[in-house]
Structure formats: structure tokens, C-alpha cells
1. Scan Leu157, Leu138, Leu187, Leu165 and give me the residue that is open to solvent by 50 Å² or more (accessible area, probe 1.4 Å) and not hydroxyl-bearing (Ser, Thr, Tyr).
2. Within the range 75-87, count every residue that is more than 21 Å from Cys169 (Cβ to Cβ), open to solvent by less than 10 Å² (accessible area, probe 1.4 Å) and not aliphatic (A, V, I, L, M).
3. Looking only at the range 88-132, which residues are open to solvent by 30 Å² or more (accessible area, probe 1.4 Å), farther than 19 Å from Leu159 by Cα and either of a type in the set (Asp, Glu) or in contact with a Pro (Cβ under 9 Å, 6 or more places away or on another chain) (or both)?
4. One residue is enough: does the range 91-105 have a residue meeting the conditions free of Cβ contacts under 8 Å to residues at least 12 places away in the same chain and not small (Gly, Ala, Ser)?
Amino acid sequence: MTERSRASLPFLPYIAVALVYVIACFGQYPFEGWTKLLLMPALAAGVVTAVVFVPELRIRPVPAGALALLLAALAFSWLGDGAATFFPMFDSELPMMLACFGIAHLAYIVLLWRVRGVARRRLPAWSLVYVIAYLVLLALLLPHTKSLSIPVMAYGLVLVGTAALATRCGSVIAWGGAFFLLSDAILAFRLFVPGSTTWTSGVVMLTYTIGQGLLAYGIVAALRRRVPTGEVPSAGGSPVQMPGGAGPATPPAGSSAAS
């Protein structure tokens with residue numbers, strides 16, 4: 001069995017749950033609701049298994065700060081997935097969904113931007129396409145968002161931030177950020193623009209599950225390849241030890257994280 005195959009094993013339960021859920025979305029089957037709430041726990045279990053319990057994939061030392069950020073992103077994504085279930089006191093699930101996913105994206109942004117060993121390079125020039133995508137989405141959506149215009153603008157900013165920073169981190173993570181952005185862009189049109197069709201529900205969740213899965217798998221793989229120093233640089237460039245780190249090391253010149 002190849003190293004990549006072994007690295008994928010802990011994520012097989014998530015892939016199975018995601019397939020069942022996406023089929024339920026396209027077919028509008030009654031088990032759609034509860035399978036959705038299994039997505040992020042299954043993905044988090046895959047992450048923890050890959051990091052901690054599988055000897056071939058164990059990170060030594062375990063970068064506790066990076067792991068905490070990744071699990072926080074998945075936890076708040078889970079709350080966003082189940083906003084209607086977890087926050088029944090609100091008349092609409094949409095504000096809490098935006099808030100929870102917004103926090104999830106902030107965790108991804110910090111992880112992709114600051115954690116040593118995840119990023120491989122500077123932002124490529126083509127990542128500017130995400131700035132254009134953000135402006136185009138706002139131009140199309142703001143005439144319809146009404147009182148939610150400011151939350152939508154803020155959420156769009158962190159969503160695009162995740163996708164843009166993912167371009168620094170190799171193809172798997174970059175595709176994860178792109179699929180996540182595509183998913184939420186389709187969802188935004190479905191929520192706010194009149195005339196959207198019901199079939200888009202399946203497409204939204206197909207791209208969402210792919211995006212989340214690629215982000216989590218890619219980040220774990222990047223951390224597994226990292227130099228085991230366990231720190232992130234501070235804003236001034238000095239190394240700051242993260243929980244579980246082995247000691248400080250100054251990052252390469254010109255890099256705010258690691259390449």
C-alpha cells in the first residue's frame with residue numbers, strides 16, 4: 001500500500017457519509033437531515049485518527065495548535081451545518097449559519113497563513129482572481145440581500161480569504177478552498193436570487209463536502225511533511241512556540257509562515 005493510500009484510510013468514513021448525504025440531497029430522501037449532521041464529526045474523526053492513532057501517519061511532535069485550529073474550523077462548520085437544529089431560538093437559521101461558518105473560515109485563515117509547514121510559497125499572482133470573484137459576487141447579490149448585506153459582505157470576505165490563502169499550500173488544499181468557495185457561491189444565489197432551482201441543493205453539498213474533505217486531508221498531509229519545530233512566527237518575525245512544539249526556529253527570509 002502506498003503512503004498516499006495509507007494517508008487516505010482515516011478519511012474513508014467521511015467519504016462514505018458524504019456520498020450518502022449527497023445522494024440524499026439529489027434524491028430528496030428523508031435521511032438527508034441527520035446525515036448532514038454526521039459530516040463534520042466524521043471528518044474530525046478522520047483528522048484525529050490520522051494525527052494521533054495511526055502510527056504510520058503520526059506527527060511527531062503533534063502540532064497541538066494547528067490541530068486545534070483545524071478542529072475548530074470543523075466544529076464551527078458543524079454548527080453552521082446544523083444552525084436550524086442548534087439555534088432554534090432564532091426565527092431564521094441564516095444569520096447563525098453565516099456567523100458559524102465565518103468563524104470556521106477565520107480558523108482556516110489563521111492556519112493557512114501562520115502555521116509553519118502548511119504553506120509552500122507566497123501568494124501566486126493568479127490568486128487575485130478571488131478578489132475579482134468577490135467583487136462580482138457582491139455586485140450580483142447585494143441588490144437581493146437587504147438587511148443581511150453587511151453580514152454577507154463580511155462572510156464573503158473571509159470565504160475568499162480562505163480560498164486565496166489556500167493557493168499558497170499546494171494543489172490539494174488549493175482545490176479545497178476553491179470548491180468551498182464555489183459551494184457557497186451557488187448557495188448564495190439559491191438563497192437570495194429569485195428563481196433558483198431546487199437541484200442546486202445537491203450541487204451545493206457535493207462541492208461543499210469535496211472542499212471540506214480536501215482542506216482537512218491536505219492540511220493533515222502538509223503537517224505530516226513539516227519540519228517538526230511546532231511553532232509559528234509572531235507578527236514581528238520572531239518564532240513563537242505552539243503547544244506541542246519541539247522548539248523555536250526562525251522561518252526562511254521573506255516568508256510569514258513557512259514554504
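1. Numbers: Leu138 fails: open to solvent by 50 Å² or more (accessible area, probe 1.4 Å); Leu187 fails: open to solvent by 50 Å² or more (accessible area, probe 1.4 Å); Leu165 fails: open to solvent by 50 Å² or more (accessible area, probe 1.4 Å).
Step by step, each of Leu157, Leu138, Leu187, Leu165 is checked, and only Leu157 is open to solvent by 50 Å² or more (accessible area, probe 1.4 Å) and not hydroxyl-bearing (Ser, Thr, Tyr).
2. Qualifying residue count for the region: 2.
3. Asp91, Arg116
4. Step one: of the range 91-105, the residues free of Cβ contacts under 8 Å to residues at least 12 places away in the same chain are 91-93.
From the residues that got through so far, the ones that are not small (Gly, Ala, Ser) too are 91, 93.
Among the residues of the range 91-105, at least one is free of Cβ contacts under 8 Å to residues at least 12 places away in the same chain and not small (Gly, Ala, Ser), which makes the answer yes.
Residue by residue, here is whether (1) part of a helix (DSSP H, G or I); (2) hydrophobic (A, V, I, L, M, F, W, C) holds:
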| site | (1), (2) |
| --- | --- |
| Arg121 | no, no |
| Trp126 | yes, yes |
| Ala133 | yes, yes |
| Leu142 | yes, yes |
| Tyr155 | yes, no |
| Gly161 | yes, no |
| Ala174 | yes, yes |
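The values are calculated or read from the model by the stated rules, or taken from the named source; none is laboratory data. These numbers come from a predicted model, not from an experiment. Every residue, glycine as well, gets a Cβ built from its backbone with ideal geometry; the counts of neighbours run over all protein chains shown. Remember, those area values only see protein heavy atoms, side chains included, never the ligands or the DNA or RNA. Shrake-Rupley method; radii C 1.70, N 1.55, O 1.52, S 1.80 Å.
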